[in-house]
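Written below as structure tokens is the structure these notes are about.
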Amino acid sequence: MARWLLAALLLILLLSAGALLSARWLLNQPLQIEAETVVQVQAGDFPARVLRQLEQQNVLQGARWLGLYWRWRWNNPALHQGEYALKPDMSAHDLLSAWRQGDVLSYRVTLVDGWTFRQFRAALGSATKLENDIESLSDAALMQQLGAEGEHPEGRFAPDTYTYTWGFKASDVLLQAYSAQQQILHDAWTSRGKDLPYKEAYQALIMASIVERETGVPEERGEIAGVFVRRLKLGMLLQTDPTVIYGMGDAYQGRITRADLRKPTAYNTYVIKGLPPTPIAMPGKAAIIAALNPAEGKSLYFVARGDGSHQFSNSLAEHNRAVRQYQLKRRADYRSSPAARK
């Protein structure tokens, strides 16, 4: 009897050792792939299904045991949605660890300061691996979907570089950008300067969009905001070309004529008093801060020097001299901003 018990014990030990070695081999087995492969995991997926799929593709062995190991080791949580990169030097254990850490592939889309909402939509529509769920929606319907029914979309979204993963939608990115701009505007409005001609934060957003479009030189934003703020206080017309261009829409073909400056539109600040009805672009954080903290001074005019910067003047006579110097005798490489916005 003792011999049988000893033999049974030895057999159990051998089987246990064999199972342990087999389990270790299954965990450490290299993935059978020759090049990097991407696996897409849906929201709520569990490893068992994906492991079976990989076993059917001969990428690994022991899918059932690996699934049991996952359940025992991590209490069977669902996988993070996204794309996972399978590399030739990975083991099955490396794969499970990547799943556990949610190490999914990420992508980026950059929404540029000064772009219009139309340009934002175009950029999102062409972004890699981003579902374009907004393509068929009107601006009004899209704003309603984002929980901002009745709001004009221009200026409402923060320019930035947004990171996303497979499975994200264009509306997801827009919601992030909308929330970010709301917070930026709220914070800037809370810490705004004194004696500003704005009745509400939205008017400051409109001003910020004009400042954004007028210059790409960071150190000029406050001074340009100061010019426009002083003009508003004095009841002067803003007379800023970017608003005219925005009001022209598709009719703008690269230049503004005298007739364009005289043509009444809701955005022609050579004709209308005060601010236009909405922003004309997406202002960045710096432009919003400048609009709410304009630089002090006496300047009421500015003209592009041709190198991206501007010449500021306190009087019309000074301004006219600057116009003759920089506009009527333009250099060959003249440009009104440091870099063209695409």
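Is one or more of the residues making up the range 164-171 within 23 Å of residue 43 (Cα to Cα), in contact with a strand residue (DSSP E or B) (Cβ under 9 Å, 6 or more places away or on another chain) and charged (D, E, K, R)? There is at least one residue in the range 164-171 that is within 23 Å of residue 43 (Cα to Cα), in contact with a strand residue (DSSP E or B) (Cβ under 9 Å, 6 or more places away or on another chain) and charged (D, E, K, R).
As a summary of the residue check, residue 255 satisfies the conditions (1) more than 29 Å from the chain's Cα centre (by Cα); (2) closer than 19 Å to residue 115 by Cα; (3) modelled with pLDDT of 95 or more except for the one numbered (3). Only a single criterion out of (1) touching a residue at least 24 places away in the same chain (Cβ under 8 Å); (2) surrounded by fewer than 19 Cβ atoms within 10 Å (Cβ to Cβ); (3) within 33 Å of the chain's Cα centre (by Cα) is not satisfied by residue 305, namely (1). Residue-level analysis places residue 122 among those that are surrounded by fewer than 16 Cβ atoms within 10 Å (Cβ to Cβ) and not in a loop (DSSP other than H, G, I, E, B).
Residues satisfying the criterion are absent from the range 149-164 (criterion: at pLDDT 95 or above, part of a helix (DSSP H, G or I), touching a Leu at 6+ places or on another chain (Cβ under 8 Å) and not polar (S, T, N, Q)). Filtering the range 202-231 down to residues that are surrounded by fewer than 19 Cβ atoms within 10 Å (Cβ to Cβ) and more than 22 Å from the chain's Cα centre (by Cα), which residue is nearest to residue 268 (Cα to Cα)? Residue satisfying both the conditions and the ranking: 203.
Can you pull out the residues in the range 184-199 that are outside any helix (DSSP H, G or I) and loosely packed, with under 11 Cβ neighbours inside 10 Å? Correct list: 191, 194, 195, 199. Looking at the structure I just gave you, is residue 113 part of a loop (DSSP other than H, G, I, E, B) and either surrounded by 15 or more Cβ atoms within 10 Å (Cβ to Cβ) or in contact (Cβ under 8 Å) with a residue 40 or more places away in the chain (or both)? It is true that residue 113 is part of a loop (DSSP other than H, G, I, E, B) and either surrounded by 15 or more Cβ atoms within 10 Å (Cβ to Cβ) or in contact (Cβ under 8 Å) with a residue 40 or more places away in the chain (or both).
Yes/no matrix, rows are residues, columns are (1) modelled with pLDDT of 95 or more; (2) over 16 Å from the mean Cα position of the chain (by Cα); (3) over 25 Å from residue 45 (Cβ atoms):
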position	(1), (2), (3)
70	no, yes, no
82	no, yes, no
90	no, yes, no
95	no, yes, no
117	yes, no, yes
120	yes, no, yes
123	yes, no, yes
143	yes, yes, yes
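The values are calculated or read from the model by the stated rules, or taken from the named source; none is laboratory data. Keep in mind it's a predicted model, so treat the numbers as computed, not measured. A quick note on method: Cβ atoms are made from the backbone with ideal geometry, for glycine too, and the neighbour counts reach across all protein chains shown.
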